[in-house]
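K.L.:
Take this structure, written in structure tokens, and hold onto it; I'll ask about it next.
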Amino acid sequence: MFRADATPVTDATPVPERRRQPLPSAGTEARRVEPRDPHLDNAKYLAILLVATGHAWEPLREGSRAVTALYLLVYAFHMPVFITLSGYFSRGFDESPERVRRLLTGLVVPYVVFEVAYTYFTQWTSQDPDRAISLLDPLYLTWYLAALFIWRLTSPVWRLLRWPMPVALGLAMLATVSPSIGDDLDLQRVLQFLPYFVLGLFLKPEYFELVRRREVRLLAAPVLFCALAVAYWAAPRMDYAWFFHSDSAQELAVPAWCGPVMTLATFGCSVVLVACFLAWVPGRRTWFTVLGAGTLCGYLLHGFVAQGAEFWGWYDGAWLRQPVGEITVTLIAAAVMTALCAPAVQRVFRRGVR
């Protein structure tokens, strides 16, 4: 993903030397493609597996403290991973016509297509038969496309601020005490997840090298183990909706001051877990590296399977509430997501939304 820059020309460079520097042409810049970083593609694929398993575990949480603890732990960092990486990949975004065009075709068009598709699917499965198509009220997984559009469109603004992270955290904290924000474009979630995107905007390549150092990897293992133990303790005591970042403190039936406090607490917790997760992601090319390019495809398509599984009664068997059943559900979810991220599905997906 990273390339060495050309030798810079400064005021100290002799004039003849400057003239020998070739001027890059517009066509050369347009054709320059940076290689993908296998570490980040691996991270995207493994994180999308956690998204799939988290959704697969939802019907199994009731009556199982272990599943609820795993669910709580996964939701503490799987979306922060994606959002942080989205911010990192948005570092070069500007408001040039080409960038805006790619933003429209890559986010707005899929948003419209899947908002309509999920609306009809929800009506068909009778989960909400009266649901009407509304492009201002994202349904199910489509909130992420709306959020990413807003975050990326505002990324040049964040680069101009002197203290972007405190500002982003301040907005997230204010959102948790503002129930009147409403559901338009899921702005509550957009603002509460905003700090992770801004964090990604200001990450540098060497930070990813830092978390992959041997001492960091060794430290990450006990941290994740302790986090799982805390999640098991907190499962019957804590409302895991805090990690959804979709409601204000008042809507969660707690005092308003809890919102800003939980914003800082969950942000700190999630950032530590994201670092631990990235520390254990392989940095070399693996058999699943190529699947990291299809995570958005897998993310949007797997929702139909996740919703349909309950409608079709796939969770009706009592054996699924046993350890063997829970492991089976996890493996099936991972297999389905892997298939949906395959290059062949990616090609069909791109044709279908353009």
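Rule-based calculations on the coordinates, nothing more; no lab input. All of these numbers come straight from a predicted model, not from anything done at the bench. Neighbour counts are summed over all protein chains in view; Cβ atoms, including those assigned to glycine, are modelled from backbone coordinates with ideal geometry.
K.L.:
As an exercise, identify the trypsin sites (Lys or Arg not before Pro) in the stretch 242-325 lying in DSSP coil whose Cβ has no more than 16 other Cβ atoms within 10 Å.
P.N.:
The qualifying sites are Arg284, Arg285.
K.L.:
Same structure, new question: Compute the relative contact order of the chain as a whole-number percentage, counting only Cα pairs closer than 8 Å that sit 6 or more residues apart in sequence.
P.N.:
29 percent
K.L.:
OK, next. At q = 0.15, 0.22 Å⁻¹, what log₁₀ I(q)/I(0) does a Debye calculation on the Cα points of the stretch 141-265 give, no solvent, two decimals?
P.N.:
Rounded to two decimals, the profile gives -0.88, -1.23.
K.L.:
In Å, what Kirkwood hydrodynamic radius results for the stretch 281-342 from the alpha-carbon pair distances?
P.N.:
About 13.1 Å for the stretch 281-342.
K.L.:
Per the Kirkwood formula on distinct C-alpha pairs, the Rh of the stretch 120-189 is how many angstrom? List each step's numbers first, then the result.
P.N.:
Numbers: mean 1/r = 0.0703 Å⁻¹.
Answer for the stretch 120-189: a Kirkwood hydrodynamic radius of 14.2 Å.
K.L.:
A further question follows. Starting from the stretch 274-354, pick out the chymotrypsin sites (Phe, Trp or Tyr not before Pro) whose DSSP state is loop and whose Cβ has at most 11 other Cβ atoms within 10 Å.
P.N.:
Answer by residue number: Trp287, Trp312.
K.L.:
Evaluate the distance, in nm, between pseudo-label points positioned 7 Å from the Cα of Ala265 and of Glu95 along their respective Cα→Cβ axes.
P.N.:
It works out to 4.0 nm between the two label points.
K.L.:
Just flag the trypsin sites (Lys or Arg not before Pro) in the stretch 26-130 sitting in loop per DSSP whose Cβ has no more than 14 other Cβ atoms within 10 Å.
P.N.:
Sparse-neighbourhood loop trypsin sites (Lys or Arg not before Pro): Arg32, Arg36, Arg91.
K.L.:
Place a point 7 Å from the Cα of Leu135 along the Cα-to-Cβ direction; which residues of the stretch 78-116 have their backbone N under 12 Å from it?
P.N.:
108-116
K.L.:
At 1.567 mPa s and 4 °C, plugging the Kirkwood radius over alpha-carbon pairs of the stretch 31-126 into Stokes-Einstein gives what diffusion coefficient in µm²/s?
P.N.:
Answer from the Stokes-Einstein relation: 78 µm²/s.
K.L.:
Taking the alpha-carbon set of the stretch 208-291, what are its Rg and Dmax in Å?
P.N.:
16.3, 49
K.L.:
Local charge sum around Trp151 (other residues, Cβ-Cβ under 13 Å, Lys/Arg +1, Asp/Glu -1)?
P.N.:
+3
K.L.:
So what's the back-of-envelope 222 nm ellipticity for the chain, counting only DSSP H runs of four-plus at -39500 (n - 2.57) apiece and dividing by all residues, rounded to 500?
P.N.:
The helix-only estimate for the chain comes to -19500 deg cm²/dmol at 222 nm.
K.L.:
Here's a follow-up. Given the stretch 36-352, what whole percent of its Cα pairs are spread farther than 35 Å?
P.N.:
Result: 17 percent of Cα pairs exceed 35 Å.
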